[in-house]
Amino acid sequence: MKYYYYNKNTDNKGNHEVHSSDCNYLPSDPNRVLIGYEVDCKSAIARAKRDTGKTNFDGCYYCSRTCHTG
Ligand SMILES: [Zn+2]
C-alpha cells in the first residue's frame with residue numbers, strides 16, 4: 001500500500017499524472033492532490049475518477065508504469 005497523488009496540472013496529452021508518494025517525479029506540494037492510501041496505481045486511478053468525476057488520469061511512467069498509457 002502506498003499514498004498516491006495526482007498532478008493538479010494536466011500533461012501535454014490532457015491527463016493528470018498519478019504518482020506514488022515515493023516517486024522522484026512527484027509534483028511539488030502546491031501542484032499535487034492526495035488521492036489516498038491505495039494498493040496500486042490502478043486502484044488509485046479508479047478512486048481519483050470516483051472522487052473527481054473526471055476520467056483523464058494516467059499513471060506516471062516511472063512509478064506507475066503498469067497504469068501508464070502514454
Ligand atoms: Zn511518478
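The values are calculated or read from the model by the stated rules, or taken from the named source; none is laboratory data. Since this is a predicted model, take the numbers as computed values, not measurements. Cβ sites come from the backbone with ideal geometry, for glycine too, and all protein chains shown count toward neighbours.
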Give the number of residues within segment 1-15 that are surrounded by fewer than 14 Cβ atoms within 10 Å (Cβ to Cβ) and within 13 Å of the ligand (Cβ to nearest atom).
-> 1
If we ask which residues in segment 16-44 are more than 13 Å from the ligand (Cβ to nearest atom) and buried (at least 19 other Cβ atoms within 10 Å of the Cβ), their number turns out to be 1
Within segment 45-62, residues buried (at least 20 other Cβ atoms within 10 Å of the Cβ) and over 12 Å from Asn7 (Cβ atoms) come out as Ile45
Among the residues of segment 1-20, how many are of a type in the set (D, E, K, R), part of a strand (DSSP E or B) and over 13 Å from Ala48 (Cα atoms)?
-> 1
Tell me, please, whether a residue that is touching a Ser or Thr at 6+ places or on another chain (Cβ under 6 Å), among the acidic types (Asp, Glu) and in contact (Cβ under 8 Å) with a residue 24 or more places away in the chain can be found in segment 8-30.
-> no
Assuming Thr69 fulfils every condition listed in (1) within 15 Å of the ligand (Cβ to nearest atom); (2) at pLDDT 95 or above; (3) among the hydroxyl-bearing types (Ser, Thr, Tyr) apart from one, which condition is it?
-> (2)
Residues of segment 21-70 that turn out to be of a type outside the set (Ser, Thr, Tyr), out of contact with any Cys (no Cβ under 7 Å at 6 or more places or on another chain) and in a helix (DSSP H, G or I), as a count = 11
